[in-house]
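Worksheet for the structure shown next.
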Amino acid sequence: MMTQTSTQQHTLSIQTRHEAVVVERLLQVTRYRGFTLAGLELKPLADFSGLLITLSVVSDKPISLLLNQLNKLYDVQHLELHASSTAALRA
Amino acid sequence: MTGAELVVKLLTEHGVHSVFGYPGGAIMPIYDALYQSPVKHYLCRHEQGGGFSAIGYARASGNTGVCLATSGPGATNLITALADALLDSVPVVAITGQVSQAVAGTDAFQEVDVLGMSLTCTKHSFYVRDVADLAETLREAFALAQSGRPGPVLVDIPKDVQLAQVDYRPEPLRAVASVAGSLQFSAEIAAARALLTQAKQPMAYIGGGVHMADALAELQTFLATTGMPSVTTLKAMGSVAKNNPLYLGMLGMHGTQGANLAVQQADLLVCLGARFDDRVTGNLKKFAPNAKVIHIDIDPAEINKLRLADVAMLGDLKQLLPALTLPLHCADWQAQCAGLKQQYGWRYDHPGERIYAPLLLKQLSDHLPDNAVVSCDVGQHQMWVAQHMRFNSPRNHLSSGGLGTMGFGLPAAIGAKVSRPQDLSVLVTGDGSFMMNVQELATIKRFRLPVKIIVLDNQRLGMVKQWQQLFFAGRYSETDLSDNPDFVSLAAAFAIPGHSISRKEEVAPALDAMFSWPGPYLLHVRIDETDNVWPLVPPGAANQDMMTDLPQWEE
């Protein structure tokens, strides 16, 4: 397994189908695969054919593990890792 | 036609002639449409039985299995089977009735959020709001179940959608999504061939993905041409030709000593459609510590998930294996592996008159024709089946691998018999597992399915008891099943004849009697509760550190 010990925050841009359950799917996969939610924004596309979602997560696991799982979701049409940075941990 | 009639029409459109399920209020329109339809419905006696029968049907045939359930408890009872199908990558379409949309979200009778429940145990799930979307949804569900890495897809259909009127427009069957990029790997193929050429001790680690890619013929050619020794996972048993002298058997927690020792010594691991599961690797950090890894899989999420690959290819094994098929020069390694295989071969000279389950299973394996499908449950008997029986196809060995679900075997054997009526369907189960879906004996009775059932009865929850013996200081918490029912009488209550044996000399004639009987049959086999599964890699240990019997302090 790719090892990575430092906790990092990652921001993902995701375009999905406009399905009612799609946000639950994203959050379920995020939690189950060991990533903590740090931010979530969403808005529909102009024609309401899909959703644009910005998802921020924190984890000490390689982000590729989450990207690969999210990319498999039927409703995910486009996914991009927007930014990664070392997370500021609360005392 | 109604939405319900459209469902049945689309089943036939997809070549589905047999479905498994149980009716109830919210799915009554679909059951009405099934009445006198060309689709044969197998009434199971619990929705979980219906789900596992659909899995058995799919795994034995390669076709998509279909199961039906009503809303609420019907759907919740399906969940375990869906999780099983997800972890073992089985193409299943589950159709559930749901309460009408007029009362949805009001805690209506038998209403539960099936879509929400399905998120963790399906490849994808749909809720159909409009009958106009029903055909498209079902067509997509069937394509999705089989595409890429197969898996279960659930379609939840409210009762009002089932009752609504809709036109049927035939369409050609939707192509299963092809694998993109398999031919774009020229650099990776070159790198993999270089690793193969440099390797002195290569080992093929074969998983269930090979046969699901329909690449068994390519695998035999690869193994024969490279001369590479091989091991398989539980799901891949039967992938390597029985007469391959360099096949070392199953690896992992209860794998053969030869397989585990050879893998630990390998300098190159060629992982084909497998996923470095913890039951395979033991202590992951100590697994095949000196090996470089070539990993080929169809699922991108499996690449580098647990073990970093030196060369990874995401694609179709049927296309990629021939590109890696080249002669290698590893005669010393071949001799070493052949030596390990011989040195650690199974012994069946168990003392005493009592029946020794591994020997019985070897006798059974020798007795069965090549086309027999053997289903099993979960526990000690499952590992003995994997260790001591030989299969000529993974479709002939149905075992709940990833989820490890007790209660899988009996309904899976039913599904196998339905999908391959000309072939023998045999269940090997344990006394604990058998009771978990024992109600499916009624399904066997109703449809006169000639399933042969062998119950290995040690009056214990054997695998848990073994771990209690080894790792919990012999504190046998809740593993005594000595108040089991009389299994032969139980079978008789379902008009299934049976016989009970307890001595080695009774095994051969009992097998002859069971297989000469034309209908279903139950053979009850009393075995000693002190017999354990060996070898065993203890939790946290490396695979070379197998226990091969009880430690001295236990004796």
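The values are calculated or read from the model by the stated rules, or taken from the named source; none is laboratory data. Small disclaimer: the values here were computed from a predicted structure and weren't measured. All Cβ positions, glycine included, derive from the backbone under ideal geometry; neighbour counts span all protein chains shown.
Considering only the range B:462-486, how many residues are of a type outside the set (Val, Ile, Thr) and either under 21 Å from the mean Cα position of the chain (by Cα) or assigned by TED's automatic domain parsing to the domain that holds B:MET253 (or both)?
The initial filter retains those residues of the range B:462-486 that are of a type outside the set (Val, Ile, Thr), namely B:462-463, B:465-478, B:480-486.
Subset that is either under 21 Å from the mean Cα position of the chain (by Cα) or assigned by TED's automatic domain parsing to the domain that holds B:MET253 (or both): B:462-463.
Residues in the range B:462-486 being of a type outside the set (Val, Ile, Thr) and either under 21 Å from the mean Cα position of the chain (by Cα) or assigned by TED's automatic domain parsing to the domain that holds B:MET253 (or both): 2 in total.
Got a sec? Which strands (runs of 3 or more DSSP E) wholly within the range A:1-88 have at least 1 residues that are away from every other protein chain (no Cβ under 14 Å), closer than 30 Å to B:ALA291 by Cβ and of a type in the set (Gly, Ala, Ser)?
On the way: elements: A:8-17, A:36-44, A:50-59, A:76-86.
Counting at least 1 such residues, we get A:50-59.
Would you please list the contacts, defined by Cβ atoms under 6 Å and residues six or more apart or on different chains, that run from a residue in the range B:297-317 that is closer than 17 Å to A:LEU73 by Cβ to a residue that is surrounded by fewer than 22 Cβ atoms within 10 Å (Cβ to Cβ) and of a type in the set (S, T, N, Q)?
These pairs meet every condition: B:PRO300/A:ASN68; B:ALA301/A:ASN68; B:ALA301/A:GLN69.
Quick one: which of B:LEU320, B:LEU324 is over 14 Å from B:GLN264 (Cβ atoms), under 25 Å from the mean Cα position of the chain (by Cα) and away from chain A (no Cβ under 14 Å)? It would help to see each step written out before you state the result.
Values: B:LEU324 fails: under 25 Å from the mean Cα position of the chain (by Cα).
Answer to the check: B:LEU320.
Might you let me know whether the range B:390-397 holds any residue that is buried (at least 23 other Cβ atoms within 10 Å of the Cβ) and touching a Pro at 6+ places or on another chain (Cβ under 6 Å)?
So far as the range B:390-397 goes, no, none of its residues is buried (at least 23 other Cβ atoms within 10 Å of the Cβ) and touching a Pro at 6+ places or on another chain (Cβ under 6 Å).
Considering (1) surrounded by fewer than 24 Cβ atoms within 10 Å (Cβ to Cβ); (2) part of a loop (DSSP other than H, G, I, E, B); (3) not polar (S, T, N, Q), say which one B:VAL240 fails and leave the rest.
(1)
Would you confirm whether or not the range B:95-103 contains a residue that is without any contact (Cβ under 8 Å) to a residue 60 or more places away in the chain, surrounded by fewer than 24 Cβ atoms within 10 Å (Cβ to Cβ) and either out of contact with any Cys (no Cβ under 8 Å at 6 or more places or on another chain) or within 30 Å of B:MET237 (Cβ to Cβ) (or both)? So that I can check it myself, show each step before the final result.
Looking only at the range B:95-103, we keep the residues that are without any contact (Cβ under 8 Å) to a residue 60 or more places away in the chain, and these are B:102-103.
Narrowing the set further to residues that are surrounded by fewer than 24 Cβ atoms within 10 Å (Cβ to Cβ) leaves B:102-103.
Among the residues that remain, those that are also either out of contact with any Cys (no Cβ under 8 Å at 6 or more places or on another chain) or within 30 Å of B:MET237 (Cβ to Cβ) (or both) are: B:102-103.
Yes, the range B:95-103 contains at least one residue that is without any contact (Cβ under 8 Å) to a residue 60 or more places away in the chain, surrounded by fewer than 24 Cβ atoms within 10 Å (Cβ to Cβ) and either out of contact with any Cys (no Cβ under 8 Å at 6 or more places or on another chain) or within 30 Å of B:MET237 (Cβ to Cβ) (or both).
Return the pairs, sorted by first residue and then second, in which the second residue is among the basic types (Lys, Arg) and assigned to a helix (DSSP H, G or I), the first residue lies in the range B:319-343 and is in contact (Cβ under 8 Å) with a residue 24 or more places away in the chain, the beta carbons are less than 9 Å apart, and the residues are 6+ apart or on different chains.
That search, which allows pairs on different chains as well, returns B:ALA323/B:ARG193; B:LEU324/B:ARG193; B:LEU326/B:ARG193.
Please pick out the residue among A:LEU40, A:LEU67, A:LEU81, A:LEU73 that is more than 30 Å from B:ASP297 (Cβ to Cβ) and out of contact with any Asp or Glu (no Cβ under 7 Å at 6 or more places or on another chain). Spell out how you get there, then give the answer.
Working: A:LEU67 fails: more than 30 Å from B:ASP297 (Cβ to Cβ); A:LEU81 fails: more than 30 Å from B:ASP297 (Cβ to Cβ); A:LEU73 fails: more than 30 Å from B:ASP297 (Cβ to Cβ).
A:LEU40 is the lone residue from the list that is more than 30 Å from B:ASP297 (Cβ to Cβ) and out of contact with any Asp or Glu (no Cβ under 7 Å at 6 or more places or on another chain).
Condition check: of a type in the set (Gly, Ala, Ser), buried (at least 19 other Cβ atoms within 10 Å of the Cβ) and either touching a Phe, Trp or Tyr at 6+ places or on another chain (Cβ under 6 Å) or in a helix (DSSP H, G or I) (or both). Does B:ALA413 satisfy that? Don't jump to the end; show me each part of the working.
Values: of a type in the set (Gly, Ala, Ser): yes; buried (at least 19 other Cβ atoms within 10 Å of the Cβ): yes; either touching a Phe, Trp or Tyr at 6+ places or on another chain (Cβ under 6 Å) or in a helix (DSSP H, G or I) (or both): yes.
Yes, satisfied.
What number goes with the only condition from (1) under 25 Å from B:SER230 (Cβ atoms); (2) of a type in the set (Lys, Arg); (3) away from chain A (no Cβ under 14 Å); (4) crowded, with 17+ Cβ neighbours inside 10 Å that B:ARG307 does not pass?
(3)
For the range B:387-405, enumerate the residues that are over 20 Å from B:GLY62 (Cα atoms) and within 12 Å of the chain's Cα centre (by Cα).
Across the range B:387-405, the qualifying residues are B:GLY404, B:THR405.
Within the range B:281-298, how many residues are within 14 Å of chain A (Cβ to nearest Cβ) and touching a strand residue (DSSP E or B) at 6+ places or on another chain (Cβ under 8 Å)?
Looking only at that region, the number is 5.
In the range B:251-279, which residues are part of a helix (DSSP H, G or I) and within 14 Å of another protein chain (Cβ to nearest Cβ)? Let's see the steps before the verdict.
Taking the range B:251-279 first, the residues part of a helix (DSSP H, G or I) are B:257-265, B:278-279.
Result: B:ASP278, single match.
Surrounded by fewer than 22 Cβ atoms within 10 Å (Cβ to Cβ) and part of a helix (DSSP H, G or I): which single residue out of B:VAL438, B:VAL385, B:VAL418 fits that description?
On the way: B:VAL385 fails: surrounded by fewer than 22 Cβ atoms within 10 Å (Cβ to Cβ); B:VAL418 fails: surrounded by fewer than 22 Cβ atoms within 10 Å (Cβ to Cβ).
Selected residue: B:VAL438, the only one of B:VAL438, B:VAL385, B:VAL418 that is surrounded by fewer than 22 Cβ atoms within 10 Å (Cβ to Cβ) and part of a helix (DSSP H, G or I).
Would you call B:LEU321 at pLDDT 95 or above, closer than 19 Å to B:MET212 by Cα and assigned to a helix (DSSP H, G or I)?
On the way: at pLDDT 95 or above: yes; closer than 19 Å to B:MET212 by Cα: yes; assigned to a helix (DSSP H, G or I): yes.
So B:LEU321 passes the test.
For the range B:473-491, indicate whether the set of residues that are in a strand (DSSP E or B) and surrounded by 14 or more Cβ atoms within 10 Å (Cβ to Cβ) is non-empty. Can you show your working first?
Initial filter on the range B:473-491 (in a strand (DSSP E or B)): B:480.
Going one step further and asking which of them are surrounded by 14 or more Cβ atoms within 10 Å (Cβ to Cβ), we end up with none.
Within the range B:473-491, none of the residues are in a strand (DSSP E or B) and surrounded by 14 or more Cβ atoms within 10 Å (Cβ to Cβ).
Against the definition (at pLDDT 95 or above and touching a His at 6+ places or on another chain (Cβ under 6 Å)), how does B:LEU461 come out, yes or no?
Numbers: at pLDDT 95 or above: yes; touching a His at 6+ places or on another chain (Cβ under 6 Å): no.
Judged against the criteria, B:LEU461 is not a match.
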